[in-house]
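Peer 1: Provided herewith is a single structure, encoded as C-alpha cells, for subsequent inquiry.
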Amino acid sequence: MAAKNTFFAKIGAGLALLKTLGAWGVFALTAIDSLAIPIPLDALMAGYVYGNPHRAWLYCLAGALGSSLGSLLPYGLGRAGGELFLLKRIDHARLQRIRDRFEKQEFLALMVPSMLPPPTPFKLFVFSAGVFEMRVRAFLLAIFTGRLLRFAILSVLTIKFGPQVVTQVKELVKHHPGVTILGVLVFAALIYLVVRLMKQPVKEITEEIKHAETEEAVVGPSVGNKPA
C-alpha cells in the first residue's frame, strides 16, 4: 500500500510540475496521453484555460500539436507490423477491401474520433491509420484539426461557465438550458457520425478478426493460410 501511495504521489507531483510549465506542460501532457498513458485531458485543459484565459488559444494549439506528435508512436507500430498482425487472422483479399474503404474517408475517419472524449477508441483509429499507410502529413493534420476543435470548444465553455463545466453538467442544464440543448444536439450528431465511420472500416476489421478466430477455433486454420 505504501509503495502504491508513493507511486501516485510521484505521478501527482509530476502533473503539478507540468502544470507550471504553461503551454509546454499542455504539450507534454497531451503527447503522453496519445503515446499510451490515459490522462484526464479535459479537466486539465479546463484548469489551464480558467487560470489564464487570455492564453487559451496557445493552450489549444499546444494541445493539438502534442496529441498529433504523440500519436506517431501507435501509428508507427501499426505501420511497421500491424498488417502482418491482421494477415494472420484475415486473408489478403479481405484486408485489401477494408483498406480501399478506409482510404476513401481516411481524414474524417481519424479527425472525428480525435474530437471526442473517452470512451471513444481513439488509439484504435490511430493504429488502423498506420496499418493502412495513411500519409503522415494527412495523419498529423487530421488529428491536429480534431484536437484543436475539441480544445477550442472546451476553452469557450470554460471561459464562459468556469472549469466546473467538465464535471457539473447538472448545473449547466439548470442555468443554461439553451446552450445545453445545442451542445447535446451537436454531440449526438458527432456520435452518429462516429458510429457510421466505425462501421467502415475499423469496426469491420474487429468483426473480421473475431470471425476468423472463431472459424479457426472450430475447424482449424483455413486452407488459404497454409504454406504452399
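Peer 1: Any chance region 127-137 includes a residue that's surrounded by fewer than 18 Cβ atoms within 10 Å (Cβ to Cβ), part of a helix (DSSP H, G or I), of a type in the set (A, V, I, L, M) and over 12 Å from the mean Cα position of the chain (by Cα)? Give the derivation first.
Peer 2: Looking only at region 127-137, we keep the residues that are surrounded by fewer than 18 Cβ atoms within 10 Å (Cβ to Cβ), and these are 133, 135-137.
Now narrow it down to the ones that are part of a helix (DSSP H, G or I): 136-137.
Imposing the further condition that a residue be of a type in the set (A, V, I, L, M) reduces the set to 136.
Subset that is over 12 Å from the mean Cα position of the chain (by Cα): 136.
There is at least one residue in region 127-137 that is surrounded by fewer than 18 Cβ atoms within 10 Å (Cβ to Cβ), part of a helix (DSSP H, G or I), of a type in the set (A, V, I, L, M) and over 12 Å from the mean Cα position of the chain (by Cα).
Peer 1: Now, a different point. Being at pLDDT 65 or above and under 20 Å from the mean Cα position of the chain (by Cα) is true for just one of Val112, Val166. Which residue is that?
Peer 2: Answer to the check: Val112.
Peer 1: Given the conditions (1) touching a Gly at 6+ places or on another chain (Cβ under 6 Å); (2) at pLDDT below 65, and given that Val131 satisfies all but one, which numbered condition is not satisfied?
Peer 2: It fails just one condition, (2).
Peer 1: Being β-branched (Val, Ile, Thr) and without any contact (Cβ under 8 Å) to a residue 60 or more places away in the chain narrows it down to one of Ile153, Ile143, so name that one.
Peer 2: Ile153
The values are calculated or read from the model by the stated rules, or taken from the named source; none is laboratory data. Quick caveat: nothing in here was measured; it's all calculated off a predicted structure. All Cβ positions, glycine included, derive from the backbone under ideal geometry; neighbour counts span all protein chains shown.
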